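Participant: I'd like to ask you about the structure that follows.
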Amino acid sequence: MADPPPNDPLPGGPGAVEPSPPAPAETAPADTAPAAWWAPGRLAGTAVRLLSSPAAPAALLGAVTMASVGARVFYLDQPCTASCKTGYDHALIFDEKYYVNAARRIDGFAVQGGDPYSNVPAGADGNAEHPQLGKLFIAAGMKLFGNQPAGWRLASLIAGTLAILAMYWLIRSARGGPWLALGGATLMAVDNLLLVHGRIATLDIFVVVAMMAGVALYLRDQRIASGASLGVACCIKLVAPYAFLVLVIIEALRVRRGSGGATPGWRPLLKTGAIRFGICLGVAVGTYLLLLFVLDRTVPAYDPGAGVYYRNPFSHTQHMWNYAKDLTSPSGPTGIASYPWQWLLNQEPINYFRVDTNVFSGGKQVGTFPVIFFQGAMNPFIIFLVLPGLALALAAAWRHVEEYAIVGSAWCLGTFLPNVVQSGAFHRTSYLYYMVPVMPGVYMVVAELFRRLPRPATVGWACALGYGFQTLYPFRTWSGH
């Protein structure tokens, strides 16, 4: 065997380098173990990932809608005035005494003597001052579930749910983002006025859904479908024509935006807008007259005071116009009536229905508080912000910035100003619940206001909205009594 080179030490011999022992395996400290899924850090990360998903606004819209349904279904059969064994033992809330009794006669149910429309023939609509369609919605629910609250309030419950979805769709049609649309829909869900009208049997919630659908279709340039929807809205309640003023303002602001405020270029825009609006208006008028003709022939409007039927759309429309024209207060509002400008400060709320309980101590009454309190009043943390929100929207619309600002400001002005003119110039009697058709515009401009504010301000406002919702919620106890 050959000797190794002189400089190559033998293994284990002199000069050999001992191999290094393997390094001991490192053990992860106990405090670096993976965090549990419920740890705040992991929850925050999961929330950020979920909210970053494109589907997040739609999913949250579903959650908001279902929560609103729950809030409106809660004790839907209350309040009761007696044993609640029959439909007549259940109290009617506010104007339900007119619309439910009208639906009862349409369905052939009896109306107790002394109540509205007790002398109306079966199959006729004794509430001739409004078109029949909204009362037919109520009557349809009673056909399904009988002469009880679940029957006469079912249609309002459905319409209140559709209103939240229509609010989202309206904002998206006005080119608002999905999160802004979610904000507007959430405002509707937490507003007491829309919550109450979304569970009691009155006409306002039906007409506002049809109005929102009609304007949203118009914004999508579906002018025939838009006109048909607005014609249907007019067959529910004749506040629906305010939507046409909304469309006129939208087109006027579009002309200004498109022309940049200068003279060249405004004529083609004006012509296009006039054609679009004219088609929508023509279809709406035709739909209204045709549908009201069918309604007057199948469910004739009957005036119990005069003892006459209105069997065609022209005489019926004239009667509705004369009825509305005669509702005046020359000396100013009395009772539950109020001026429109008072609504912007939530003044003159209306007591729809109230049940009080007395508190005793030592055999003496020491206090009274409501356990059921249905009010005509808006969430104060929404309505108190409408003026700055509207000012911001009008400034943006005038500077030719956003379609969303144009639609929001047009809705507020087009549905609110007619009430101001009628009250100021013609002494028309008005009530705070006339704000129901105005509120979609309010939600739009207020949501946009807070979209521009720092996030901490929005979080604080959300907490205030929850407080306003809780204080105005009609049921003040879990037991409902």
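Participant: In nm, give the distance between the simple-model label positions of ALA464 and ILE275, each being 7 Å from the Cα along the Cα-to-Cβ direction.
Facilitator: With each label placed 7 Å out from Cα toward Cβ, I get 4.7 nm.
Participant: Give me the distance in nm between label points sitting 7 Å out from Cα along the Cα-to-Cβ direction at ALA110 and ASN351, one decimal.
Facilitator: 3.2 nm
Participant: Convert 4 °C to kelvin, take the viscosity as 1.567 mPa s, use the Kirkwood radius over C-alpha pairs of region 323-472 as Rh, and evaluate the Stokes-Einstein diffusion coefficient in µm²/s, rounded to a whole number. Don't skip to the end; give the middle numbers.
Facilitator: Working: Rh = 17.6 Å.
It comes out at roughly 74 µm²/s.
Participant: Helix 313-325 versus the longest principal axis of the chain: what angle, 0 to 90°, nearest 10, using Cα atoms?
Facilitator: Computed tilt is about 90 degrees.
Participant: Moving to a separate point now. In cubic angstrom, how much convex hull volume per residue do the alpha carbon atoms of region 384-434 span?
Facilitator: Details: hull volume 4.3 nm³, N = 51.
So the per-residue hull volume is 84 Å³.
Participant: Looking at the chain, how many pairs of lysines come closer than 24 Å at the Cα, when each pair is eight or more places apart or spans two chains?
Facilitator: For the chain, qualifying lysine pairs total 11.
Participant: Follow-up. What number in nm² do you get for region 273-334 if you take the convex hull of its Cα atoms and divide its surface by four? Walk me through the intermediate numbers first.
Facilitator: Working: hull surface 27.0 nm².
Average of the hull's projected areas for region 273-334 equals 6.7 nm².
Participant: Tell me, what are the semi-axes, in whole angstrom and largest first, of the equivalent ellipsoid of region 182-270 as set by the roots of 5 times the Cα gyration tensor eigenvalues?
Facilitator: Calculated on Cα positions only, the semi-axes equal 31, 16, 10 Å.
Participant: Shifting gears a bit: Enter the angle in degrees (range 0 to 90, nearest 10) between the Cα long axis of helix 455-472 and the first principal axis of the Cα atoms of the chain, meaning the one along which they spread out most.
Facilitator: Orientation of helix 455-472: about 40 degrees from the principal axis.
Participant: Sort LEU247, LEU270 so the one with the fewest other Cβ atoms within 10 Å of its own Cβ comes first.
Facilitator: Numbers: LEU247 25, LEU270 16.
So the residues, fewest neighbours to most, are LEU270, LEU247.
Participant: Further, regarding this structure: Sort 293-306, 54-67, 195-208 by packing, meaning the average of other beta carbons within 10 Å per residue, with the highest value first. The partial results should precede the final answer.
Facilitator: On the way: 293-306: 16.5, 54-67: 14.1, 195-208: 27.5.
Top to bottom by mean Cβ count within 10 Å: 195-208, 293-306, 54-67.
Participant: Output the peptides 328-335, 438-445 sorted from most to least packed, where packing is the average of other Cβ atoms within 10 Å over each peptide's residues.
Facilitator: On the way: 328-335: 11.0, 438-445: 27.6.
In decreasing order of mean packing, 328-335, 438-445 become 438-445, 328-335.
Participant: Next up: Given charges of +1 on the Cβ of Lys and Arg and -1 on the Cβ of Asp and Glu, with all other atoms neutral, how large is the dipole of the chain about its Cα centre, in debye to the nearest 20? Mind showing how you got there, number by number?
Facilitator: Numbers: 33 positive and 25 negative charges, 313 e Å.
Using Cβ point charges on Lys, Arg, Asp and Glu, the chain gives about 1500 debye.
Participant: Using alpha carbons only, how many degrees (0 to 90, rounded to 10) separate the axis of helix 96-107 from the longest principal axis of the chain?
Facilitator: Compared with the principal axis, the helix lies near 70 degrees.
Participant: Shifting gears a bit: Report the far tail of the P(r) of region 362-411, meaning the percent of Cα-Cα pairs longer than 14 Å.
Facilitator: Roughly 67 percent, once rounded to a whole number.
Participant: Rounded to the nearest 20 debye, what is the charge dipole size of region 226-377 about its Cα centre when +1 sits on each Lys and Arg Cβ and -1 on each Asp and Glu Cβ? List each step's numbers first, then the result.
Facilitator: Numbers: 12 positive and 6 negative charges, 129 e Å.
That gives a dipole near 620 debye.
Participant: Also, I was wondering about something else. Quick one: if you stick a label point 7 Å off each Cα along the C-beta vector at SER52 and VAL420, how many nm between them?
Facilitator: Distance between label points: 4.6 nm.
Participant: Can you tell me what the convex hull of the Cα atoms of the chain projects to on average, as an area in nm²? Numbers along the way, then the final one.
Facilitator: Working: hull surface 180.4 nm².
Approximately 45.1 nm², given one-decimal rounding.
Participant: Can you give me the long-range amide H partners of GLN375? Hydrogens built in the peptide plane at 1.01 Å from N, cutoff under 5 Å, separation of 5 or more residues or another chain.
Facilitator: TYR352
Participant: Sort the following peptides by mean Cβ neighbour count (other Cβ atoms within 10 Å, averaged over residues), highest first: 426-433, 376-383, 185-192. Each step should come with its number before you reach the end.
Facilitator: Details: 426-433: 18.8, 376-383: 22.8, 185-192: 25.0.
Order by mean packing, descending: 185-192, 376-383, 426-433.
Participant: How long are the semi-axes of the equivalent ellipsoid of region 125-233, defined as square roots of 5 times the Cα gyration tensor eigenvalues? Whole Å, largest first. Show your work: numbers first, answer last.
Facilitator: Values: eigenvalues 139, 63, 19 Å².
Largest first, region 125-233 gives 26, 18, 10 Å.
Participant: Counting Lys and Arg as +1 and Asp and Glu as -1, each charge on the Cβ, what is the dipole of region 144-280 about the Cα centre in debye, to the nearest 20?
Facilitator: On the way: 13 positive and 4 negative charges, 97 e Å.
Computed about the Cα centre, the dipole is about 460 debye.
Participant: According to the Cα gyration tensor, what semi-axes, each the square root of 5 times an eigenvalue, does the equivalent ellipsoid of region 326-411 have, listed from largest to smallest in whole Å? Before the final figure, lay out each step's value.
Facilitator: Details: eigenvalues 319, 75, 19 Å².
After scaling each eigenvalue by five and taking roots: 40, 19, 10 Å.
Participant: In whole angstrom, note down how far apart the Cα centers of region 416-481 and region 44-113 are.
Facilitator: Here the answer is 19 Å between Cα centres.
Participant: Quick one: give the max-minus-min coordinate of the C-alpha atoms of region 264-378 along each principal axis, largest first, in Å.
Facilitator: 78, 53, 30 Å, listed from the longest principal axis down.
Participant: For the chain, can you list the cysteines whose C-beta has no other cysteine C-beta under 4.7 Å from it?
Facilitator: Lacking a cysteine Cβ partner under 4.7 Å: CYS234, CYS235, CYS280, CYS412, CYS463.
Participant: Please rank ARG105, ARG451, fewest neighbouring Cβ atoms within 10 Å first, as an exposure proxy.
Facilitator: Working: ARG105 27, ARG451 14.
So the residues, fewest neighbours to most, are ARG451, ARG105.
Participant: Hey, what did the chain get for relative contact order, percent, Cα under 8 Å, at least 6 apart?
Facilitator: The value is 15 percent.
Participant: Charges on Cβ only, +1 for Lys and Arg, -1 for Asp and Glu, centred on the Cα centroid of region 87-154; of TYR88, TYR117, GLY151, which one is farthest towards the dipole's positive end?
Facilitator: GLY151
Participant: If you don't mind, there's one more thing I want to ask. Going by Cα centres, region 204-244 and region 316-384 are how many Å apart?
Facilitator: Region 204-244 and region 316-384 have Cα centres spaced 28 Å from each other.
Participant: Next question, about the same structure. Each residue of region 402-419 in order: what ³J(HN,Hα) in whole Hz does its phi give by Karplus 6.51 cos²θ - 1.76 cosθ + 1.60, θ = phi - 60°, with x for Gly and Pro?
Facilitator: 10, 4, 4, 5, 4, 5, x, 5, 5, 5, 4, 6, x, 9, 8, 4, x, 5
Read-outs throughout are calculated quantities, based only on the coordinates presented, and are distinct from any laboratory measurement. All figures in this text were calculated on a predicted structure; none of them were measured in a lab. Note: ideal-geometry Cβ built from the backbone for every residue, glycine included; neighbour counts use all protein chains shown.
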